[in-house]
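Engineer: Here it is, the structure, as structure tokens.
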Amino acid sequence: MDLAQRIADSETRVFKVVFPNTTNHYDTLFGGMAMYLMDEVAFMAATRFSRKKMVTVSSKQIDFNHPIPADTIIELVGRVTRVGKTSLEVEVEIFVEEMYSDSRHLAIKGGFTLVAIDENKKPVKIGD
């Protein structure tokens, strides 16, 4: 399988409902919860691409463009954007949808770098 096909096949989409127990006093999704969900999706996309044990080593700029209200549906989309020798980068976007309308927009976008590791937690080549 070529690189472009592996990248396409590893795209990861997760849907969640924003319940009140994940929101702050403004009834919007906690920023930390959004980052947690994004890291989880980045991990899934990286693992699906590499089929190796992966760990997050850094996050890039995360842009919180719009608040995500309670009682909405979010879709997290993770895509591999760069592949190195032992690491790869994943971009994650969060789209928010109103439950009872067709309204949908990009709310948050960020990047994560993950590294493939062996049983001794040492970096290993992704292509192996």
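The values are calculated or read from the model by the stated rules, or taken from the named source; none is laboratory data. These numbers come from a predicted model, not from an experiment. Cβ sites come from the backbone with ideal geometry, for glycine too, and all protein chains shown count toward neighbours. All accessible areas refer to the heavy atoms of the entire protein, side chains included, with ligands and DNA or RNA removed. Shrake-Rupley method; radii C 1.70, N 1.55, O 1.52, S 1.80 Å.
Engineer: Looking only at the stretch 7-49, which residues are in contact with a strand residue (DSSP E or B) (Cβ under 9 Å, 6 or more places away or on another chain), farther than 24 Å from I68 by Cβ and open to solvent by 70 Å² or more (accessible area, probe 1.4 Å)?
Structural biologist: Residue satisfying the conditions is R48 alone.
Engineer: Select from the stretch 61-77 the residues that are assigned to a loop (DSSP other than H, G, I, E, B) and either open to solvent by 50 Å² or more (accessible area, probe 1.4 Å) or basic (K, R) (or both) and list them in ascending order. Spell out the reasoning first.
Structural biologist: Applying the first criterion (assigned to a loop (DSSP other than H, G, I, E, B)) to the stretch 61-77 yields 65-68, 70-71.
The answer is N65, H66, P67, D71.
Engineer: Still on this structure, I have one more. Take the stretch 110-126 and flag every residue that is in a strand (DSSP E or B) and open to solvent by 80 Å² or more (accessible area, probe 1.4 Å).
Structural biologist: First, pick out the residues of the stretch 110-126 that are in a strand (DSSP E or B): 110-117, 123.
The answer is P123, and nothing else.
Engineer: Six or more apart or on different chains, Cβ atoms under 7 Å: show the pairs whose first residue is in the stretch 12-31 and at negative phi and in a strand (DSSP E or B) and whose second is open to solvent by 80 Å² or more (accessible area, probe 1.4 Å) and among the charged types (D, E, K, R).
Structural biologist: T12/R48
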